[in-house]
Amino acid sequence: MKILTLGDVTGTASIQYLQQRLWRERDRLGADLVVANGENVSDIHGISASDAQALLDCGIDLITTGNHTWGKRDIYDFLDSSPSILRPANFPPSCPGVGSTTVRIGGWRLLCINVMGVVNMQPLDSPFDTVDRILEREKGKYDFALLDIHAEATSEKIALARYFDGRINIIFGTHTHVQTADEQILPRGTGYITDLGMTGPTDGVIGADAECIIRHFRTKMPQRFSVASGEIRAHGALFELDTDTARCTSVRRVSF
């Protein structure tokens, strides 16, 4: 089983880029499922219902999100109605949407979980305890599990991966928009990478226009960020699972 995961999709131009290329890349890689973080697709801060549907239409099977989930109000109903988008599970239960779902790949059941880190981010419920509760609640209802950790601190992501090694088959980080080079198979068989990177414009600062980011750092004054221009690239990772042993056998960084 091969699962393609894509880093934070940034800006609506990235939707057009994926519309033109994703199905071809999916076929070339032999991916059985595509998961992408989409919280920045609508002008960096948020994801609208129409942009979420456009991502699903272009070949993404499941959208995960993060701290910018609530940037566009029309996503609230979409989160409640669509089984193909998650918000971080450690937001309060009263928030729209859900933080986990089970998708079918052939005859297999894949439990997909989205959680947010709390180091230098919002003071949400513990991601460790949240995921523990989901695994306990779903025990016996899934064959494999996948986790998107949307977090700032690399140490928090790695700690979560080590804690869930062997209990979750695929773990990857999102949020920093910079792909890490630490793809690996952990001792108990979990495939892991600290950050998938970004699917978006490369001529800027993590997807935003460079000039406004530089002004912000130099002046410390608030700036209205806009999406960068220039070449768009998709970054992520391809995970391969052995369905007989439930171990990840390969983690490969992907760029197209």
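The values are calculated or read from the model by the stated rules, or taken from the named source; none is laboratory data. Because the structure is predicted, anything quoted here is derived from the model rather than measured. Counting neighbours? That spans all protein chains shown, and the Cβs are built from the backbone with ideal geometry, glycine included.
If you check Phe239 against the conditions, is it under 25 Å from Arg87 (Cβ atoms), in a strand (DSSP E or B) and touching a Leu at 6+ places or on another chain (Cβ under 7 Å)?
Numbers: under 25 Å from Arg87 (Cβ atoms): yes; in a strand (DSSP E or B): yes; touching a Leu at 6+ places or on another chain (Cβ under 7 Å): no.
Judged against the criteria, Phe239 is not a match.
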With criteria (1) out of contact with any His (no Cβ under 8 Å at 6 or more places or on another chain); (2) of a type outside the set (Val, Ile, Thr); (3) in contact (Cβ under 8 Å) with a residue 60 or more places away in the chain, Gly200 comes up short on (1)
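Quick one: is Arg224 under 26 Å from Leu147 (Cα atoms), basic (Lys, Arg) and without any contact (Cβ under 8 Å) to a residue 60 or more places away in the chain? Spell out how you get there, then give the answer.
Numbers: under 26 Å from Leu147 (Cα atoms): no; basic (Lys, Arg): yes; without any contact (Cβ under 8 Å) to a residue 60 or more places away in the chain: yes.
Spelling it out, it is not the case that Arg224 is under 26 Å from Leu147 (Cα atoms), basic (Lys, Arg) and without any contact (Cβ under 8 Å) to a residue 60 or more places away in the chain.
Sort out which residues of the range 99-110 are surrounded by fewer than 21 Cβ atoms within 10 Å (Cβ to Cβ) and aliphatic (A, V, I, L, M), and write them in order of number. Please lay out each step first, then the result.
Our first condition is that a residue be surrounded by fewer than 21 Cβ atoms within 10 Å (Cβ to Cβ); within the range 99-110, this holds for 101-109.
Listed by number, the residues that qualify are Val103, Ile105.
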With respect to Thr64, is the statement that it is in contact with a strand residue (DSSP E or B) (Cβ under 6 Å, 6 or more places away or on another chain), at pLDDT 95 or above, among the hydroxyl-bearing types (Ser, Thr, Tyr) and surrounded by 19 or more Cβ atoms within 10 Å (Cβ to Cβ) true? yes
Of all residues in the range 122-143, which are surrounded by fewer than 17 Cβ atoms within 10 Å (Cβ to Cβ) and in a helix (DSSP H, G or I)? Phe128, Asp129, Asp132, Arg133, Glu136, Arg137
Which fully enclosed strands (runs of 3 or more DSSP E) of the range 156-236 have 2 or more residues being hydrophobic (A, V, I, L, M, F, W, C)? 170-174, 198-208, 227-233
For the structure I just gave you, tell me whether Cys112 is within 19 Å of Ala52 (Cβ to Cβ), at pLDDT 95 or above, in a strand (DSSP E or B) and not β-branched (Val, Ile, Thr). yes
I'm told Leu146 meets every condition in (1) under 19 Å from Leu86 (Cα atoms); (2) not in a strand (DSSP E or B); (3) not acidic (Asp, Glu) except one. Can you identify the failing condition by its number? (2)
State whether one or more residues within the range 87-106 are farther than 25 Å from Arg162 by Cβ, modelled with pLDDT under 95 and out of contact with any Leu (no Cβ under 9 Å at 6 or more places or on another chain). yes
